[in-house]
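**Q** Sharing a structure here in structure tokens format.
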Amino acid sequence: MSDSVLAKGGRLGLALAATVAAVALGAGVQFIPPPTSSPTISSIDVVPERTDQSLVCGGGALGLTRGADPELTVLAAPQRRSAGTGLVEASISESDALQGGAAIVTLPREAPAETLAAVESTSVDSPEVRGLSVAECIAPSRSSWLVGGSTEVGRTTWIVLSNAGAVDATVNLQVWGDTGEVDAPGLTGIIVAAGTQRIVPLAGFTVDQASTVVAVESTGGSVAATLQHSVVRGLDPGGVTIVTPQNAPAERLVIPALPVINGELVLERSSSDGGTDALTAVRMLAPGDTSAQVTLTLVPQSGGEPLALTATLEPGVVFDLPFTELADGDYSLVLDATAPIVAGARTSTAGATGLDVEWFSPAPELPAAVDVLAATAPLAGVVSSGSARLHLFAPDGPAVVDLDGSSIDVPARASVVVTVAANAALRLTSDAPVHASLSYRGDSALAGSRVLPPAAERGAVRVLPE
Amino acid sequence: MQPRVTAIVVARRGGDALQATLDALARQTRRPDLLVVVDAASDDAATSQLAAVNPTQFVTAGSSLPFGELVHRGLGALPAIDAPSSPYGGVDEWLWLLRHDTEPDARALEHLLAAVEIAPSVAAAGPKQLDAAQPTVIAEYGETLTRWGAAIAIAERELDQAQHDRTADVLAMGEAGLLVRRAVWNAVEGIDPAMPPVDAALDLCVRIRLAGHRVIGVPAARVFVHEGTAQAARPGASRPLSIRALARQRRTAQLQRRLLYAPAAAVPVHWLSLLPLAVVRSLGHLLRKRPGFVAGELGAAFTVAFSAAAVPAARRRLARGRTMGWSAIDPLRMAPDEVARRRSIARDAELSARDDDRPPRPSFLPGGALVVALATLLGAIMYAPLVGAPALLGGALAPLAPNAAALLSALERSMIASGTAAADPFSFVLAALGALTPWHPSAALVAVWVAALPLAALGGWWAAASLVQRQGPAAAVAALWVLSPSLLVPLAEGRPAAVIAHLALPWLVVAALRAPRSWSATAVAGLLAAVIGACAPSLIPALLIAWVTGMLLRPRAAGRLLTLAVPSLALWVPLIVDQVVRGTPLGLLADPGIAVAPAPSSPTGLLLGWPDLELLLGAVHALLPGLEQADAAAPVPTVALALGALALPVVVLGLAALALPHGRRAVAPLLLAAVGIVTAWAVSSLSVSVAEGAPVRVDVAPALSLAALGLTLAAGVGMQSLGTAGRLSVGGPVRPGAGGRALRVSGAVLTSLAVVASLVVAAPALTAVLRGDAEVRAGEPRTLPAIVAAEALNDPDLGTLVLTPVVLDAGTAVAARIERGAGRTLIEQRTVANTAVLAGDDAEAAQQLAELVANLAAPSGLDVVPLLDELSVSFVLLAPADDDVPRSARDQVVAALDGTTALVPVGDADAGRLWRVSGTESVESETARASTDETTPTTVAGARTVLAVQLGILLLTVLLAVPTSIRSRRRDHVVTDDEPAATFEPGDDDE
């Protein structure tokens, strides 16, 4: 059997050799990097053609007609100031309000200028609505967050939706109150046809709601959404304001302008109907699923010690934080939150002819070294002894702001207020990011508008054609 | 009345046969009166051999002359006949025709003369030709014609048992040892020099018969034939005549006789029918697995069709000698029932010969059948969500083709933006698949998915059955093959090419093992290799290695194995031309079908046989939380080791096979496995195409299929060897002992472990579709929203711009493509287009598209309507983006599209958000219609011809491949323990 044994030995040797080879192969596959080759992905960068830039101005002060069958109407027409070279103005005449409508300020693509700004001011003195309202004209957007308003007795809040585009928009609203999100019929599927303005009463969705936040989402076309909020205390009108939107919740919000004027007089006058909404307050909402810790820093213009507060926001619950015993003066408010939030600040003023209220929205950051155009509202013939002030706040570091040739030093986290001419165009450039708002005040009148950054530069779109 | 015999010996070569012939002549009891020797061998030895017999006449002639002419030369050297040849007086002159290889029996001439003397009507008499090598076998005795004019021997290759000794009157006798009355020879003008040698004597005898004489066979006279008529007719050294050359000669002769014997009026008809008939008969040869006969068939037809004056001359010769009508020979033709009887006998003999030759195979029942049944059940359950679906979507799946007509048209070479694009070989596979359900091509893919498991079981079993003889191992191999991750992962991830490759691989093994012996198997193997190469170009190097190795190991069959590449070449040549001309040969490696990146592979995954470990690891992590790792494709070492341990039994079985008897049978499978794993490793980081901003790596699944096949087959050999261990020892006594039993038990344990472990490991991938965890899903036969599909019914060229936001270099970008009709279909995909990125240059069309997309995806003042019109885009679809794309990026695109006045939002659909280009609701603008030709793939000139050639080659291969012979039911093979390795005989299975 010697050859059988030999064959057996040969087979064993073969199997051993194969095992060794298999182990070597496995080790090789595991540890030797395989050849690598990858094609270079060629994208084509194309800068889209410049497009027309439009701003939509929401229109005048809204109120109801007198009589048995009251209708929504415009009580006072706005005055508008626009800034920019080669602007074309148009208007939307189809509106839910009588004589209502919106103005569209367009910078055509062939215009020489790159930026534009516009602002509208309205002064009204009717039995139900009085006061000064100023609102910067805004670019239509697909998502708007409006912080302000109330549906308590005597408070009227209108949601103004203007579609200046050529495509119909379908708007879905979300309304939050101090008990959470409001569910009501009619919130979704509001059609805003191209070239029309829809005005929806907030009270149609929720009543007796002291603190409201409205989110506007549009599909199809984009809309310009604002809130008009007016107050009647007892039988006396107590002010009107227009709330302009934030585009998205953010973790840092800056409200550069929060003027407290005649605080004691306001409290005295406003206590007549027992309402507390004349107090200077900040309204906040964390719309996400998580609660947010918010640090509020109130920086006085005078250079005094900043006042820091903290608050915890439950998700989906609107929280109004009043500031009691706040000395008169101009403040800036910074909110730093651990989750994206929206916020707005309310303040009131009182004078010889009555009260006025104003909601100040957070102003977006003006990037460094970018030419910003702003317009100040016309006040002459609107409100007596009116003035306009520019509030600047640099949250991160000191900035030097060039305002029409004169430079202004803005220290880090300090509030700087400059008096500017009303009904004028302002040109700002800063060497560091700043936030800027304007406040307007007159006799028994308070209003504000924001300085908005120019539309983002047209970046190249990277396209991967297949 | 004295007969005078002139023997004529025509010698084409010398040697033993000639010497035997000459010696036999000398030994004749009745010696020929005259001996004429015709020396047609240009060889001194032969000449001296011939001269030594002192012939009456010695004639030297050219070796290339035909037999008839040589006889004529020999006769010419004789003095003229001095007395009239007549049966009633004078000298009776006879010619006795002999060749150098015809050795007459000592009494041959005596018997022949005795036969003709008593029958004056006989003008020719032939002896019984016996095979010189086997003197008891009749080489040939008597020739005749069938009713259709085919020549047929009355007796050929039969054992001589005197069964033909009563046959006397025949139509014709062979030329060897034929005794012909000289006067008649002269009257019919001898042998026709243009007639091929095989039938020269038949023709001569027919003319003798028509001249009113008889031809008889004389069984008592015997001639021992050394070479045979056809071989003896070849000049030079004696080489055996191939069966093909003989068939060609016979066919040539038959066709020539057809033109000769037909009535004059029918000759043109016959002439015209020569070539068509040759083509038809060639197809018949392919069907009967005789591709070697095709050349001869066509050659014969050409030879006869263009033989110029030979036919008219022969017809005149026939007419001059003829005194009787054709009906005179009718009784001598072979009766049709006799022809049929002989054919059936031949077929039976062939079948039984083949049956004996077939290697033993294990019984399919019950083991194989059980595995297939279980796989059917498993497939029906696991892929139940897909049953009845009109199409499959997800992964690289899409509708197969819009309709049956597209199956063919998509195979043509076409024009694309960056040049010409040949159809992918995979498109041919898909076309064949879609043709199974022509009313709804996409349903074929659904069927493949649902039937994948049983098909894999069947394939695995057959592949195993060609290596092992016991049914247990074969069934285990089938089960392992079904549970292979390289099948289950592509099934879950929707990669049809890898699935088809996996299903086809075992059949390639089956066919390739039989290919050296069978034309049918060769054609099948060629087709399967083409299918696998088409599905997985990454396997082509491995297939080439196996092919070349096979040819080196079997040099005798190399010529036949060479033809394996023909179907593949037919499919690949246009694509190779396109890619090479463009300068991107690497693009040939691109996986066919829709370019979708396969899931990332890891080295550990490759070693475990998993193209994508995520499916498995997902289940592991769900069971054992806390083992996750950042890189989802690579397991932590403990998990890797555990999985490796589960895969170990198969490896152990495969390697153990080498140490056991018959271990050599495991060598080739193990090498195959090594080649597979190396291929998988080599291609795992290669990408040659790009989809949606990301490189698309070459799929490793087919290479892992190859590795799994090799390993599984080796394991099968191991199981069999272990299962029979101890019961036999080669060349030694049976040793019943504990050692053998231990081996048998360990074999059974390892086999069960291997199957159970692979079932456990495969479970996550197997159940993925049922759990809804797979990418593959049932869907409608469209990739675009229903509204687009509905409109595409009226306008198949309807364009839809599909935008996909993607992440590119930390920024975002928009991938864009234009789809026509109801969306992308598999069969219309072109790897040439997918690999255009390799060429590097941006085509003009791409720039145009980019400009349109940029101005759509961002707010823009550009009027996009002309661009949309020019590209004839009617819809814009924003496809869902991956999770890593920021939501804002998509929202910006949505806002920009919404803000475009030329677009009307349609809404959200399953395939994404859709906009309609306004103004395209009814009739598209004329300009858009006119410009369609520039953007949609258009056919290139000559594309039809190329396709026709490709399809022709494939059709011929299929004809050769289809089994045409009736297979007898095999008796169940009884397993005997000392089974020798399958023996491979050089003969052909199917001839």
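The values are calculated or read from the model by the stated rules, or taken from the named source; none is laboratory data. Everything quoted here is computed from the prediction, not taken from an experiment. Every residue, glycine as well, gets a Cβ built from its backbone with ideal geometry; the counts of neighbours run over all protein chains shown.
**Q** Only one of A:ALA337, A:ALA343, A:ALA278 is surrounded by 18 or more Cβ atoms within 10 Å (Cβ to Cβ), outside any strand (DSSP E or B) and under 24 Å from the mean Cα position of the chain (by Cα); which?
**A** A:ALA278
**Q** Output the number of residues of segment B:819-858 satisfying the condition of being crowded, with 21+ Cβ neighbours inside 10 Å and within 19 Å of A:VAL461 (Cα to Cα).
**A** The total comes to 10.
**Q** While we're looking at this one, here's another question. Determine, yes or no, whether B:VAL580 is over 16 Å from B:PRO541 (Cα atoms) and surrounded by fewer than 17 Cβ atoms within 10 Å (Cβ to Cβ).
**A** Yes: the conditions hold for B:VAL580.
**Q** Could you check how many residues of segment A:361-377 are within 23 Å of A:GLN228 (Cα to Cα) and surrounded by 21 or more Cβ atoms within 10 Å (Cβ to Cβ)?
**A** The total comes to 7.
**Q** When you scan segment B:799-820, do you find a residue that is in a helix (DSSP H, G or I), within 11 Å of chain A (Cβ to nearest Cβ), more than 25 Å from A:ASP52 (Cα to Cα) and within 47 Å of the chain's Cα centre (by Cα), even just one?
**A** no
**Q** A follow-up question, please. Just one of the numbered conditions (1) surrounded by fewer than 21 Cβ atoms within 10 Å (Cβ to Cβ); (2) over 52 Å from the mean Cα position of the chain (by Cα); (3) not in a strand (DSSP E or B) is not true of B:VAL906; which one?
**A** So the condition that B:VAL906 fails would be (3).
**Q** Further question on the same structure: As an exercise: evaluate A:ARG80 against (1) charged (D, E, K, R); (2) assigned to a strand (DSSP E or B); (3) modelled with pLDDT under 85 and give the number of the one condition it does not meet.
**A** Exception for A:ARG80: condition (3).
**Q** Follow-up question, since we're still on this one. Given the residues A:LEU202, A:LEU227, A:LEU187, which is the only one that is buried (at least 22 other Cβ atoms within 10 Å of the Cβ) and without any contact (Cβ under 8 Å) to a residue 60 or more places away in the chain?
**A** A:LEU202 is the lone residue from the list that is buried (at least 22 other Cβ atoms within 10 Å of the Cβ) and without any contact (Cβ under 8 Å) to a residue 60 or more places away in the chain.
**Q** Regarding A:VAL451, is this residue crowded, with 24+ Cβ neighbours inside 10 Å and under 20 Å from the mean Cα position of the chain (by Cα)?
**A** Criteria met by A:VAL451.
**Q** Working only within segment A:102-120, note down all residues that are within 14 Å of chain B (Cβ to nearest Cβ) and surrounded by fewer than 24 Cβ atoms within 10 Å (Cβ to Cβ).
**A** Looking only at segment A:102-120, we keep the residues that are within 14 Å of chain B (Cβ to nearest Cβ), and these are A:106-111, A:114.
Correct list: A:THR106, A:PRO108, A:ARG109, A:GLU110, A:ALA111, A:GLU114.
**Q** Name the single residue that is farthest from the other protein chains (Cβ to nearest Cβ) among those in segment A:454-466 being surrounded by fewer than 22 Cβ atoms within 10 Å (Cβ to Cβ) and touching a residue at least 60 places away in the same chain (Cβ under 8 Å).
**A** Per the stated criteria, the residue is A:PRO454.
**Q** Also: Being assigned to a helix (DSSP H, G or I) and more than 7 Å from chain B (Cβ to nearest Cβ) is the filter; apply it to segment A:18-40 and report the residue that is surrounded by the fewest Cβ atoms within 10 Å (Cβ to Cβ).
**A** First, the residues of segment A:18-40 that are assigned to a helix (DSSP H, G or I): A:18-31.
This time we only want the ones that are more than 7 Å from chain B (Cβ to nearest Cβ), so: A:20-21, A:23-24, A:27-28, A:31.
Details: A:VAL20: 10, A:ALA21: 14, A:VAL23: 10, A:ALA24: 10, A:ALA27: 11, A:GLY28: 13, A:PHE31: 8.
For segment A:18-40, the residue satisfying everything is A:PHE31.
**Q** Here is a follow-up. Checking A:VAL266 against (1) surrounded by fewer than 18 Cβ atoms within 10 Å (Cβ to Cβ); (2) in a helix (DSSP H, G or I), only one condition comes out false. Which one?
**A** (1)
**Q** A further question on this structure: Can you tell which of B:PRO441, B:PRO490, B:PRO485 is buried (at least 24 other Cβ atoms within 10 Å of the Cβ), within 24 Å of B:LEU606 (Cβ to Cβ) and in contact with a Leu (Cβ under 9 Å, 6 or more places away or on another chain)?
**A** B:PRO485
**Q** Any residue at all in segment A:201-217 that's within 14 Å of chain B (Cβ to nearest Cβ) and farther than 20 Å from A:ILE242 by Cα?
**A** Within segment A:201-217, not a single residue is within 14 Å of chain B (Cβ to nearest Cβ) and farther than 20 Å from A:ILE242 by Cα.
**Q** Let me ask something else. Just to be sure I understand, how many residues within segment B:352-393 are under 18 Å from B:ALA478 (Cβ atoms), at pLDDT 90 or above and part of a loop (DSSP other than H, G, I, E, B)?
**A** So the count comes out to 0.
**Q** Take A:VAL240 and decide whether it is closer than 19 Å to A:GLY177 by Cβ, in a strand (DSSP E or B) and among the β-branched types (Val, Ile, Thr).
**A** Here the answer is no, as A:VAL240 does not meet what is asked.
**Q** Which of the residues that make up segment B:661-681 are surrounded by 21 or more Cβ atoms within 10 Å (Cβ to Cβ) and within 7 Å of chain A (Cβ to nearest Cβ)?
**A** Selection gives B:GLY663, B:LEU670, B:ILE677, B:TRP681.
**Q** Please go through segment B:856-905 and pick out each residue that is facing another protein chain (nearest Cβ under 9 Å) and among the small types (Gly, Ala, Ser).
**A** Selection gives B:ALA857, B:ALA858, B:SER860, B:GLY861, B:SER888, B:ALA895, B:ALA896, B:GLY899.
**Q** What is the number of the single condition among (1) free of Cβ contacts under 8 Å to residues at least 40 places away in the same chain; (2) out of contact with any Ser or Thr (no Cβ under 8 Å at 6 or more places or on another chain); (3) at the interface with chain B (Cβ under 10 Å from one of its Cβ atoms); (4) not aliphatic (A, V, I, L, M) that A:SER43 does not meet?
**A** Failed condition: (1).
**Q** Outside any loop (DSSP other than H, G, I, E, B), of a type in the set (Lys, Arg) and more than 14 Å from chain B (Cβ to nearest Cβ): does that describe A:ARG66?
**A** On the way: outside any loop (DSSP other than H, G, I, E, B): no; of a type in the set (Lys, Arg): yes; more than 14 Å from chain B (Cβ to nearest Cβ): yes.
Judged against the criteria, A:ARG66 is not a match.
**Q** Need a quick list: strands (runs of 3 or more DSSP E) entirely within segment B:102-167 having at least 2 residues that are more than 27 Å from B:ARG31 (Cβ to Cβ). I'd like the intermediate steps shown before the answer.
**A** Working: elements: B:102-104, B:122-131, B:137-145, B:151-159.
Where strands (runs of 3 or more DSSP E) fall fully within segment B:102-167 and carry at least 2 residues being more than 27 Å from B:ARG31 (Cβ to Cβ), they are B:137-145, B:151-159.
**Q** Here is a follow-up. Of (1) hydrophobic (A, V, I, L, M, F, W, C); (2) over 30 Å from B:ARG744 (Cα atoms); (3) within 13 Å of chain A (Cβ to nearest Cβ), B:ALA622 satisfies all except one. Which?
**A** (3)
**Q** Within segment A:294-334, restricting attention to residues that are assigned to a loop (DSSP other than H, G, I, E, B), under 21 Å from A:GLY149 (Cβ atoms) and not aliphatic (A, V, I, L, M), which residue is modelled with the lowest pLDDT?
**A** Step by step, filter segment A:294-334, then rank; the result is A:PHE323.
**Q** Then there is this: Among the residues that make up segment A:129-140, is at least one of them within 25 Å of the chain's Cα centre (by Cα), under 23 Å from A:VAL171 (Cα atoms), within 14 Å of chain B (Cβ to nearest Cβ) and crowded, with 17+ Cβ neighbours inside 10 Å? Give the derivation first.
**A** First, the residues of segment A:129-140 that are within 25 Å of the chain's Cα centre (by Cα): A:129-140.
Okay, now just the ones that are also under 23 Å from A:VAL171 (Cα atoms), so A:135-140.
If we keep only those that are within 14 Å of chain B (Cβ to nearest Cβ) as well, we get A:139-140.
After this cut, where a residue has to be crowded, with 17+ Cβ neighbours inside 10 Å as well, the list is A:140.
Yes, segment A:129-140 has at least one match.
**Q** Sticking with this one: When you scan segment B:682-706, how many residues do you find that are more than 10 Å from every other protein chain (Cβ to nearest Cβ), out of contact with any Pro (no Cβ under 7 Å at 6 or more places or on another chain) and either in a loop (DSSP other than H, G, I, E, B) or not small (Gly, Ala, Ser) (or both)?
**A** 2
**Q** Something else now. Given the options B:ARG354, B:ARG361, B:ARG322, name the one that is of a type outside the set (A, V, I, L, M, F, W, C) and closer than 30 Å to B:GLN256 by Cα. Write out each step before concluding.
**A** Values: B:ARG354 fails: closer than 30 Å to B:GLN256 by Cα; B:ARG361 fails: closer than 30 Å to B:GLN256 by Cα.
That would be B:ARG322, the only listed residue that is of a type outside the set (A, V, I, L, M, F, W, C) and closer than 30 Å to B:GLN256 by Cα.
**Q** For segment B:313-351, what are the residues that are exposed (fewer than 12 other Cβ atoms within 10 Å of the Cβ), part of a helix (DSSP H, G or I) and in contact (Cβ under 8 Å) with a residue 60 or more places away in the chain?
**A** The answer is B:PRO336, and nothing else.
**Q** Take the residues of segment B:835-876 that are charged (D, E, K, R) and farther than 22 Å from A:ARG50 by Cα: which is modelled with the lowest pLDDT?
**A** B:ASP842
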